[in-house]
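The values are calculated or read from the model by the stated rules, or taken from the named source; none is laboratory data. Owing to the predicted nature of the structure, the values given are computational and were not obtained by experimental measurement. Reconstructed Cβ throughout: ideal geometry from the backbone, glycine too, with neighbour counts over all protein chains shown. These accessible areas exclude ligands, DNA and RNA; they are computed on the full protein's heavy atoms, side chains included. Shrake-Rupley method; radii C 1.70, N 1.55, O 1.52, S 1.80 Å.
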Amino acid sequence: MKKIEFMKTTLRFTVLMTVLVLAFVACDDPNKKPAPGVDNTPKERVIVYKVGQNESRQSLATEGEWDALLDVLCNQAKQGSEVTFYNMKPSIYHPNKLSYGTKASKTFSTSNQDEMKSWMKEMEKEGRTVVVTYSNGTWNGVAYASAPPAATMANIVGEWHFSRLVIKPMDADGQLQEGETLIPDFNGGSMFYNFYEDGTMSLTVNNIDGTSYTDNSTWSLSDDGKLCSELLPNGGGCWDINWISANTLVLSRPDFGTEDGDFLYQLEFDRQ
């Protein structure tokens, strides 16, 4: 497994996945289980989603549970809400690495709910964030690899706690394999990022021995919506913004052709 450096400090790590399961109080229950006879093929997902401005997460164990949640999200859109979702557990079905990272948004419209669900499933497999609305009898979807700059600017300013780094190796076809999850907070360490409106930022690292330091730099958005800064882990650079809201920030970046192989890195942050 590729070695990761967290700037000027070495943080111990362990494999851990903590999922906060919330439910919307609505006519449809996002936590409902699939009925008998549905597809119970195992496939773990951690879906973060918004109905309107209400954000939640759900841990799913099977394809049937995923299908049931998509029904709920389509129905919520039909009732007039804008629905947005992203799979925080990177899919093993990622497309070939030659086409990986295609940044153009994809759109889809249909009056058939099953067709809409099929498209939503394909976009999830590609690691995209999906936005669904409903108007005049038609579901409309937009799927993007990196959040629109307007969404980033509306939410990025403030303090973010760096909660985990997920590392997924890729095989020769670009499919993701089992990897590691690094937790900066393990055994007492912690990392916090502050993004400011003027384009400056700071990183504060609290070491496990009680010492700490702060480093300062700048941040910016690239033309295709990536978040760029030298203070981000793994040498900085530009990262896709897979999810950004008032509560949660998820970034990812592929790294091809290293001496250790090809990898996908995913960073997760929570608002302070």
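Scanning the stretch 209-236 for residues that are β-branched (Val, Ile, Thr) and either surrounded by 19 or more Cβ atoms within 10 Å (Cβ to Cβ) or assigned to a loop (DSSP other than H, G, I, E, B) (or both) returns a single hit, Thr211. Of the residues making up the stretch 108-142, those that are assigned to a strand (DSSP E or B) and farther than 25 Å from Leu264 by Cα are Phe108, Ser109, Thr110, Val132, Thr133, Tyr134, Ser135, Thr138, Trp139, Asn140, Gly141. Scanning the stretch 237-259 for residues that are in a loop (DSSP other than H, G, I, E, B) and touching a residue at least 12 places away in the same chain (Cβ under 8 Å) returns Gly237, Ser245, Ala246, Asn247. Taking each residue of the stretch 184-202 that is under 19 Å from Pro149 (Cα atoms) and looking for partners that are of a type in the set (Ser, Thr, Tyr) and surrounded by 12 or more Cβ atoms within 10 Å (Cβ to Cβ) with beta-carbon atoms closer than 7 Å, six or more apart or interchain, yields Asn194/Ser202; Gly199/Thr218; Thr200/Thr218; Met201/Tyr193; Met201/Ser217; Met201/Thr218; Met201/Ser229.
Matching residues to (1) open to solvent by less than 20 Å² (accessible area, probe 1.4 Å); (2) among the aromatic types (Phe, Trp, Tyr); (3) part of a loop (DSSP other than H, G, I, E, B); (4) closer than 25 Å to Asp262 by Cα:
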position: Thr152; (1), (2), (3), (4): yes, no, no, no
position: Glu159; (1), (2), (3), (4): no, no, no, no
position: Ser163; (1), (2), (3), (4): no, no, no, yes
position: Asn187; (1), (2), (3), (4): no, no, no, no
position: Glu197; (1), (2), (3), (4): no, no, yes, no
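Residue pairs whose Cβ atoms lie under 8 Å apart, sitting 6 or more positions apart in sequence or on different chains, and linking a residue in the stretch 170-181 that is open to solvent by 20 Å² or more (accessible area, probe 1.4 Å) to a partner that is among the aromatic types (Phe, Trp, Tyr) and part of a loop (DSSP other than H, G, I, E, B), are Gln175/Tyr93; Glu180/Phe13.
Out of curiosity, is Ser111 in contact with a Gly (Cβ under 6 Å, 6 or more places away or on another chain), open to solvent by 30 Å² or more (accessible area, probe 1.4 Å) and without any contact (Cβ under 8 Å) to a residue 40 or more places away in the chain? Spelling it out, Ser111 is indeed in contact with a Gly (Cβ under 6 Å, 6 or more places away or on another chain), open to solvent by 30 Å² or more (accessible area, probe 1.4 Å) and without any contact (Cβ under 8 Å) to a residue 40 or more places away in the chain.
Residue count for the stretch 47-82 under the criterion of being in contact (Cβ under 8 Å) with a residue 40 or more places away in the chain, in a strand (DSSP E or B) and open to solvent by less than 10 Å² (accessible area, probe 1.4 Å): the result is 2.
Pairs meeting the criteria (first residue in the stretch 121-140 and open to solvent by less than 10 Å² (accessible area, probe 1.4 Å), second residue acidic (Asp, Glu), beta carbons under 8 Å, at least 6 apart or on different chains) are Val130/Glu124; Val132/Glu82.
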